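Data block below; observations after.
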Amino acid sequence: MSLTQLSAFEVARKVRSGELKASDVAQAALAQISAIDGVPGSLEPVSLSPDEESKVHAFIQVTQDLALAQAEKVDQKIANGEEPGLLAGVPLSVKDIFCVEGTRTTAASKIIANFMSPYTATSVKRLTDAGALILGKVNLDEFTFGSSNESSAFQPSTNNPWQTEYVPGGSSGGSAASVASEEVALSLGTDTGGSIRQPAAFCGVVGLKPSYGRVSRLGLIAFASSLDCPGPLSRNVRDTALMLQVMAGVDPQDSTSSTLPVGNYLDALEQDLKGLRIGLSPDYEAIYYPDLESGELHTEPVQKEVHDAVLRAAEILAKAGAEIIENVPMPNTRYGIPTYFVISRVEAASNLHRFDGVKYGYRTPENVNNLNELYRRSRAEGFGLEPKLRILMGMYVSAAEHASDYYQKALKVRTMIRSDFEQVFDPGGAYRLDALLTPTTATTAFKRKAVYGNSVLMQYSDQMTVASNHAGVPALTLPGGLDENGLPIGIQLIGNDFREDMILRIGHGFEQLTADETWRKARPQVLQGEVKA
Amino acid sequence: MTTKRISPELFEKLVGLAALELTAEESAYLFEEMNHQLASVEALSQIPLPGDIQPSLHGLEPQGAPPRPDDWQPFAAPEKIIALAPETEDGMIAVPDVKGAK
């Protein structure tokens, strides 16, 4: 097994014991990126050769010097007999929406393409303080607004490592692809409506949206402040637990970060599944979307292979002693997307007002007559189509004359979505669930350009994930098999408030129970035919 | 059921309020997409709500630390912040004339 194939847990164990040097791990990761990533995302027009078309393109910026310096520091600590941290020598990529001092933080947008972070996000700092090595900043949909990575202003956008003509999902597509293609062991992403889980599912990796407030948002460029959650992506559940362990906890500089004690997520993995109550809900078997002209609701069942993977997972967990509770009602899940269209757009429009060509970022080079013209020109030239659409929609639904129909109503529907979860997780209620088991996405990955441009259809790809964001509860996606085209299927475990330990425990159990299955031996296309040292 | 549509006039007003300028091509696309999204959002109007239901600004109410004291804490390296501005004069961020013609 090559160094790049090692889990974060194994890398840290070997580095901490002196069996491996962090510098060698960093060099191996850099070599892997050099071999399979291709040209980094750029604002400049690019014409790609067929060979480049089939590369991963996860990175906007490879931070070679930073990674090597951090590795040297870890090696020095070990040589000095000092504690190097739980993530000693572990290669990490960071979604380019987090501030990392000394690096550009672009949000994949022209409007802040030249922004140099003056400080480092709390989540990133905790990871590097624990010995992680930042290999670079990875691509995303512009300002995280999308589910395919294609809206990035930095092209080429990321491809799916399993089959490069497919999208990696989004918005943390660069994160998921960099982990799946073994460029890094861990990635830091964000999840506002499914932006960790959907790409993790499409790329066959593990991703966790923690409870709202479990991980600090300081240093994250905000999309929708009441929904945004930083979280881990990795190739197995143990690594996700390890990364969360390091990041979680109150931050005095984020008043929404929770003061509740952080659990021991690694210890939780050692417990068995006997007696746990895991629910299946008919409300996660289809997506409901409107006809764009008539507004009539259509129902589209979840892709059969995805549905079958969920049922199969339930059978496997039942054999290990879990109790499967069927027909759990989650009746308000279907309203997740309309509610999201309102709440997330209102918050996005508010957060995007700060980008105006004055304090930082892009300013129009044109001569302007006054400050208003400067604002309009800079924003017109700096923002891509998707941010413009979200600003306009957010302003419309929050306008005084419409707010009671849309924004106020959406906030009340959010209460109803939350109450679904409260009822099924209530320890004194009828269902008393430890977790809900659902598909992560209604389909496996779609092809590039198949959906991009249709903002409604793109948004509905988050229907299985978005309710957890409205409710604030934690949710984990992990691989559950492959479809007939060899594309990964994601299954999702949703837990009660701050019960990340529970969904990690169940997810880890499923991983162990299926460790020898044939589908787990499949490798992404970009890794096939590699000659490993 | 027919869906509500945003009028072209209202759309133009929103573009102005958003401090944006759009090309004709952008306008045509964004106008259509906004109306398509409205078809989804209109589903909210069909949802019966219990009369006493309260709005939720957060799904999981923040259980964070109380706000820290409102004490002035200078940023360690203000020159890093100023250096990010597109135009500066004497350590200040510079902008065009606020009101009108130069």
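The values are calculated or read from the model by the stated rules, or taken from the named source; none is laboratory data. It should be emphasised that the depicted structure is a prediction, and the values quoted were computed from it without experimental measurement. Cβ placement follows ideal geometry from the backbone for every residue including glycine, while neighbour counts extend to all protein chains displayed. All accessible areas refer to the heavy atoms of the entire protein, side chains included, with ligands and DNA or RNA removed. Shrake-Rupley method; radii C 1.70, N 1.55, O 1.52, S 1.80 Å.
Under a plain spin-label model, where a point goes 7 Å from the Cα along Cα-to-Cβ, how far apart in nm are A:Ala69 and A:Asn114?
The two pseudo-label positions are separated by 2.3 nm.
Testing the spin-label approximation: label points 7 Å from Cα along Cα→Cβ at B:Ser45 and A:Ser419. State their distance in nm.
2.3
Ignore the peptide's own chain and count Cβ atoms of other chains within 10 Å of each Cβ in A:404-415; give me the average, rounded.
5
Taking every DSSP beta bridge that has both residues in the range A:243-374, what percent is antiparallel when rounded to the nearest 5?
Around 60 percent antiparallel, to the nearest 5.
What whole-number value in Å² describes the accessible area per residue of the protein assembly as shown for a 1.4 Å probe?
The answer is 38 Å² per residue.
Once R0 is set to 22 Å, what does the formula 1/(1 + (r/R0)^6) return for the Cβ-Cβ distance between A:Arg520 and A:Arg312, expressed as a FRET efficiency to the nearest 0.05?
Working from the Cβ atoms, E equals 0.95.
Can you tell me, using C-alpha contacts under 8 Å and at least 6 residues apart, the relative contact order of the range A:3-270 as a whole percent?
About 19 percent, as a whole number.
If you put +1 on each Lys and Arg Cβ and -1 on each Asp and Glu Cβ, how big is the dipole of the range A:314-409 around its Cα centre, in Debye rounded to 20?
Its charge dipole is roughly 360 debye.
Evaluate E = 1/(1 + (r/R0)^6) for A:Glu300 and A:Leu513, where r is the Cβ-Cβ distance and R0 equals 45 Å; express this FRET efficiency to the nearest 0.05.
For R0 = 45 Å, the calculated efficiency reads 0.90.
Equivalent-ellipsoid semi-axes (√(5λ), Cα gyration tensor) for the range B:1-48, whole Å, largest first?
In descending order the semi-axes read 24, 11, 8 Å.
Working out 0.36 nm times the residue gap between A:Asn80 and A:Glu326, then minus their Cα-Cα distance, what length gain in nm do you get to one decimal?
82.9 nm
GluC sites (Glu not before Pro) within the range A:13-84: which are DSSP loop residues with at most 11 other Cβ atoms inside 10 Å?
Passing both the DSSP loop test and the Cβ count: A:Glu19, A:Glu82.
Averaging sequence separations of C-alpha pairs under 8 Å and six or more residues apart, then dividing by the length of the range A:55-122, give the relative contact order as a whole percent.
Reported as a whole number, the value is 20 percent.
Could you work out the mean count of beta carbons from other protein chains within 10 Å of each residue's beta carbon in A:387-394?
6
Can you tell me the order of A:27-35, A:291-299, A:409-417, A:43-51 when each peptide is scored by its average per-residue count of other Cβ atoms within 10 angstrom, highest first?
A:409-417, A:27-35, A:291-299, A:43-51
For chain A, what's the relative contact order in percent, using C-alpha pairs closer than 8 Å and at least 6 residues apart?
The value is 17 percent.
Could you pull out which residues in the range A:85-120 have an amide N less than 17 Å from a spot 7 Å beyond the Cα of A:Glu44, following the Cα-Cβ vector?
A:110, A:113-114
Give me a single rounded figure for B:10-20: the average over its residues of other chain Cβ atoms within 10 Å of their Cβ.
Taking all residues of B:10-20 together, the mean is 6.
Kindly provide the helix-only [θ] at 222 nm of chain A, computed as the sum of -39,500 (n - 2.57) over DSSP H runs of four or more divided by all residues, to the nearest 500 deg cm²/dmol?
-11000 deg cm²/dmol
What's the whole-number percent of alpha carbon pairs in the range A:46-89 lying beyond 14 angstrom?
64
Among the GluC sites (Glu not before Pro) in the range A:381-441, which ones are in a DSSP loop with at most 15 other Cβ atoms within 10 Å of the Cβ? Mind listing them?
A:Glu401
Are there GluC sites (Glu not before Pro) in the range B:1-60 that DSSP marks as loop and that have at most 11 other Cβ atoms within 10 Å, and which are they?
Listed in order of number, the matching sites amount to none.
Give, as ranges by residue number, the residues of the range A:136-156 whose backbone N falls under 15 Å from the point 7 Å along Cα→Cβ of A:Glu53.
It comes to A:156, nothing else.
Over 27 Å between C-alpha atoms is what I'm after, so list which of A:Lys95/B:Lys80; A:Lys209/B:Lys80; A:Lys125/A:Lys412; A:Lys412/A:Lys447; A:Lys110/A:Lys449; A:Lys388/B:Lys80 land there.
A:Lys209/B:Lys80; A:Lys125/A:Lys412; A:Lys412/A:Lys447; A:Lys388/B:Lys80
What is the dipole size for the range A:297-336, taken about its Cα centre, with +1 at each Lys and Arg Cβ and -1 at each Asp and Glu Cβ, in debye to the nearest 20?
60
So, with +1 on the Cβ of K and R and -1 on the Cβ of D and E, and no other charges, what is the size of the charge dipole of the protein assembly as shown about its Cα centre, to the nearest 20 debye?
Using only the charged Cβ atoms, the result is roughly 560 debye.
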